[in-house]
Structures are given as structure tokens and as C-alpha cells.
Amino acid sequence: MLFHVRMDVNIPKDMPKEEADQIKMTEKAYSQALQQQGKWRHLWRITGQYSNISIFDVDSNEELHNLLQALPLYPYMNIEVMALNRHPSSVRDSDA
Ligand SMILES: O=C(O)C[C@H]1C=CC(=O)O1
């Protein structure tokens, strides 16, 4: 199942830099592990914003929910999720 996910990151301005850097490093490793597993299929920065557009490929809503809640930056994010279906006019044979 494919999902379009937008993440807007809002780290509190008063968080010490060392703490913020540590969370970002942990987040990077977590996201790269999911990318290697093929669950986090695309990761794009939105130009000019501390936000990303991502495509996840997971087995269920519950799996996506659990993956997102485990993000180290989760407490500092607003997340929007859109479930995706194949479009009947798509010229592609597959989304794999
Ligand atoms: O920077 C972000 O967009 C937030 C998050 C997503 C992947 C990652 O490494 O950090």
C-alpha cells in the first residue's frame, strides 16, 4: 500500500543544539534503514522549508502509523497522510 506523507518539522527554538543534532542523527539512521528496506520509497525536501514529502510502501495503515510514531522527530512534527490508489488513466504497468 502506497502513502503520500508530508512531514513539517518544528524543533523548539530553545532545544539545546547538541540535543537537536542527536535527534536528527538518530532520525537519519532510522529513515535510511527504512529506505534500505524499501518501506520509505521516496524522500524529498520541500524547497525552502524544513519539511519533506515522502512515499511509503507498507502492508497496512497500522504499519505506517507505527513507523511514523517511532520517528525520533515525531514529537516535533506535524504529519499529513494521504492513501494512494492506482489511477485508471496511468500509463505505467506497475508502481513497483
Ligand atoms: O529532515 C526531515 O525532513 C525530517 C526527517 C526525515 C528524514 C530525516 O532524516 O529527517
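Numbers for the structure displayed
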item: Subset of segment 1-51 (residues that are open to solvent by 90 Å² or more (accessible area, probe 1.4 Å), under 22 Å from residue 84 (Cβ atoms) and within 12 Å of the ligand (Cβ to nearest atom)); result: 44, 45
item: Residue list for segment 8-63, restricted to those being among the β-branched types (Val, Ile, Thr) and under 13 Å from the mean Cα position of the chain (by Cα); result: 9, 46, 53, 55, 58
item: Test: residue in segment 3-17 that is in a helix (DSSP H, G or I) and either touching a residue at least 24 places away in the same chain (Cβ under 8 Å) or in contact with a helix residue (DSSP H, G or I) (Cβ under 7 Å, 6 or more places away or on another chain) (or both); result: no
item: Selection count, segment 52-79, where residues are within 13 Å of the ligand (Cβ to nearest atom), under 22 Å from residue 37 (Cα atoms) and not aromatic (Phe, Trp, Tyr); result: 11
item: Residue in segment 64-84 that is farthest from residue 40 (Cα to Cα), counting only those that are outside any strand (DSSP E or B) and either touching a residue at least 24 places away in the same chain (Cβ under 8 Å) or aliphatic (A, V, I, L, M) (or both); result: 76
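The values are calculated or read from the model by the stated rules, or taken from the named source; none is laboratory data. Model, not experiment: these values are computed from the prediction. Heads up, the Cβs are rebuilt from the backbone with ideal geometry, glycines too, and the neighbour counts pull from every protein chain shown. The area values use the complete protein model at the heavy-atom level, side chains included, leaving out ligands, DNA and RNA. Shrake-Rupley method; radii C 1.70, N 1.55, O 1.52, S 1.80 Å.
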